Amino acid sequence: MSTGKVFSLAILFSLCLGLGRASAETASYDVIVAGAGPGGTAAAIQAARLGAAVALIEETAVVGGQMTAAAVSTMDDMYGNRSGIYGEFYERVKARYAALGKPVGTCYWETFTFAFEPHIGSTVLRAMLDETRSFGGFVDLFLNSSITAVLREGDVVRGVVASIGGRESPLKAAVVIDGTEWGDLLPLAGAAYRIGRNVVSDGGRRGGGFDEDARTQDITWVAVLKSYPGGVPEALRVDAAPPGYDDWAATYRNHLARDGSPFSGYPVKLPVDFPTHNGYRGLPDASAPGKADSSSPLSLQMLTKSGVNWGNDYPGEGGFEGRSGLPVSYFEDPLFRRRAHGEAMIKTLGFLHYVQNELGLPWSLADDEFDDGATWEAVRGWVPERYERLARRFPPIPYVRESRRIVGVETLTSAALRENGDSYREGGPGRELATSVATGRYILDLHGADETKELEAEFGESHESIVSNKPRGPFQVPLEIFIPERVDGLLAAEKNLSMTRLASGALRLQPISMATGQAVGALAALAAAGKSAPRLVDPLKVQRAVAEGGSRIALALFTDVPEDHPLWPAVQVATVRRWIAPLALPTSPAPRIDDIDAVLAASRKGAAKGLFGVDRLLSVAEGETFLKRALAVEKPLKDLLNEGSFLRLGVFVQALDGRSRARRSTVEVLKDFAERGLLPSLGYEPWLDAEKPVTRGQAADIALRFLTE
């Protein structure tokens, strides 16, 4: 696709192994992705699968970001969308554990959930990255590397300067994607962004209303907890109470107690007992015998691994200097960020001290997940030296729930999520987004800093919006929120999309980040291939690429078009574009999102799916409406439509082609369409039987191929 393929091997060997002088050269890629989190990794995979040459640059030694490097490896997918690259990831991880005789339903006290050990998740993602070469593109992965500058000409980003193997190396690209946990590329690129409720304009200028003390969400330095039946090894004991323990001990006790409540349904009664705590973020344990899951109180007691991500948010209860959340200086001031990370780790160490000493339980940090001196160096000076051996066993980064967010072409709000998520509910109408490129399912979940004064008044956000605008069903993500308002050649792919803080509370989770990342990767690859700015790429082409990549973009699902149906991508696009009305709409695809029983009941009844009518013949009236919408024309097309009940294939392609029969015959048009790959498998030679009627599904497929050629 680009000169990236010429430079790839030379740069990979010379930069990573120090065997040459490539640092004096400028390597070229189609796409550069900063950050190998869920969004960045999915973006890299999707772009490479479309033939792009991709450089993926990650600051840690771990691929997977929040779900592996931060050890939040219990997936928050609300038991909904497991399609696309995330769906592939799910199936691969599930198969790895199945080979060991273990389930992945070990978290949130439900067996249909999805959890894994961080090292397993990272291994699977690495394999998916490696396999992209079989698709025609590739991903050069640079770990323990960072981006120190963004190369920009006017309003166009042209590449980056990366620190790889200790060398500063310029890398050019058609598109640069920010997939970092903190949105750290946005200021380097000089793009306008939001931080908290503040706005930083292009060039880093802060308006007069910028509040240095505006707040963002808590962070959490998660730990992977493991059982040691023979006693906790000395190196993993937290005998001495860490600094601040007396301030936080009440929080630990309020969440977890030896005689706490067992799980008996929602809302969870605090404090909980230890098996219930472990079942919340329970992980399968590849190194232990047994088939523990979340099916019963007895099975919870069999769990031998879990995540510490409950009661250890930082700053958590009481906030920072009397206000909830973290000041925006957490993002803007590197020294303050290090301080916050150190104190977040200390708070989790305090929890471990509580478990081992007050509860007397033989649990501590897992000795088979992480062992990295870089983690210690990141907090050294803030965490006492006596905890060095423990710090090495922590995940390399904390769980960061909020990021800088671009000021984009469009800004997604909580009200828009609610309206969109109410589609088809209780037999109501659908509100499909015409430029949808991903779907998600979550609530407006903010950990701290959720007061009205911390939210964006210009978008109507308030504390009350958390309840009034809570999505009740799946929602869509429009393409426009990935694209900066003014800067070209730059895209967002993580928690840094153009959205309000409340909307980010629903889009920050691992599964939706992979879905949005996949969409951004498709957009970037198409922009690079067409040598155009991402904002100029036809959204329909992105939708086709994403849908053909298996990712769900429509809210309506259909019983007659399962995900493995050959016309599934076309039906997805036809649905969001409203080219044709389904025969029957879902009547209950969106039970209340936090009502698990209702979700399961709707699924069992089949009410979550409608009927598209994929094999039904397309009527003349339907065909006219279809063509007017697909071709975006107002003039009636009756002069091209045949008499009779159903639309003939030859007439349909003639109408798409836009040429009269006097200038090009139907046979000529059909042969031309076939040669260009614009016709699906029909089971007959179309130019020999142009009078055959076309089905609704075939019409959607032909139109999609034609309009995205």
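Values quoted throughout were computed directly from the atomic coordinates according to the rules given, and no laboratory measurement underlies them. Computed from a prediction, not measured in an experiment: that's the story for all the values here. FYI the Cβ positions are ideal-geometry reconstructions off the backbone, even for glycines, and counts take in every protein chain you see.
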Query raised in the report: In the chain, with Lys and Arg counted as +1 and Asp and Glu as -1 at Cβ, which of these residues, L502, W221, F673, has the Cα nearest the positive end of the dipole, that is, farthest along it?
Result: F673
**Report entry** Normalised contact order of the chain, rounded percent, pairs of Cα under 8 Å and 6 or more residues apart
**Finding:** 15
Query raised in the report: What is the P(r) of the chain, as percent of Cα-Cα pairs per 10 Å bin from 0?
Result: 3, 15, 24, 26, 18, 9, 4, 1, 0
Query raised in the report: In what sequence, highest mean first, do 174-184, 410-420, 276-286 appear when ranked by Cβ atoms within 10 angstrom?
Result: 174-184, 276-286, 410-420
Query raised in the report: log₁₀ I(q)/I(0) of the range 227-328 at q = 0.15, 0.17, 0.24 Å⁻¹, via Debye over equal Cα point scatterers, no solvent, to two decimals?
Result: -0.78, -0.95, -1.33
**Report entry** Convex hull volume of the range 471-543 per residue (C-alpha atoms, cubic angstrom)
**Finding:** 85
**Report entry** Space enclosed by the convex hull of the alpha-carbon atoms of the range 219-400, per residue, Å³
**Finding:** 120
Report summary line: Magnitude of the Cβ-charge dipole (Lys and Arg +1, Asp and Glu -1) of the range 109-176 about the Cα centre, nearest 20 debye, reported as 300
Query raised in the report: Which three semi-axes in whole Å describe the equivalent ellipsoid of the range 543-585, each the square root of 5 times a Cα gyration tensor eigenvalue, listed largest first?
Result: 15, 12, 8
Report summary line: Expected unfolding gain across K269-A98 under the 0.36 nm per residue rule, minus the alpha-carbon gap, is 58.3 nm
Query raised in the report: In nanometres, what is the gap between the two model label sites at E317 and E426, each 7 Å from Cα along Cα-to-Cβ?
Result: 3.7
Query raised in the report: For the charge dipole of the chain, defined by +1 on Lys and Arg C-beta atoms and -1 on Asp and Glu C-beta atoms about the Cα centroid, which residue among L557, S619, P474 has the Cα displaced farthest towards the positive pole?
Result: S619
Query raised in the report: Any idea what the dipole of the chain comes to, in debye rounded to 20, about its Cα centre with Lys/Arg Cβ at +1 and Asp/Glu Cβ at -1?
Result: 1340
Report task. Please give the calculated 222 nm ellipticity per residue for the chain, where each DSSP H segment of at least 4 residues contributes -39500 (n - 2.57) and the sum is spread over every residue; nearest 500 deg cm²/dmol? Result -> -9500 deg cm²/dmol
Query raised in the report: Helix 4-17 versus the longest principal axis of the chain: what is the Cα-based angle in degrees, 0 to 90, to the nearest 10?
Result: 10
Query raised in the report: Expressed as a rounded percentage, what relative contact order does the range 20-177 have, with Cα pairs under 8 Å and six or more residues apart?
Result: 33
Report summary line: In debye to the nearest 20, the charge dipole size for the range 219-400, taken about the Cα centre with +1 at each Lys and Arg Cβ and -1 at each Asp and Glu Cβ, equals 200
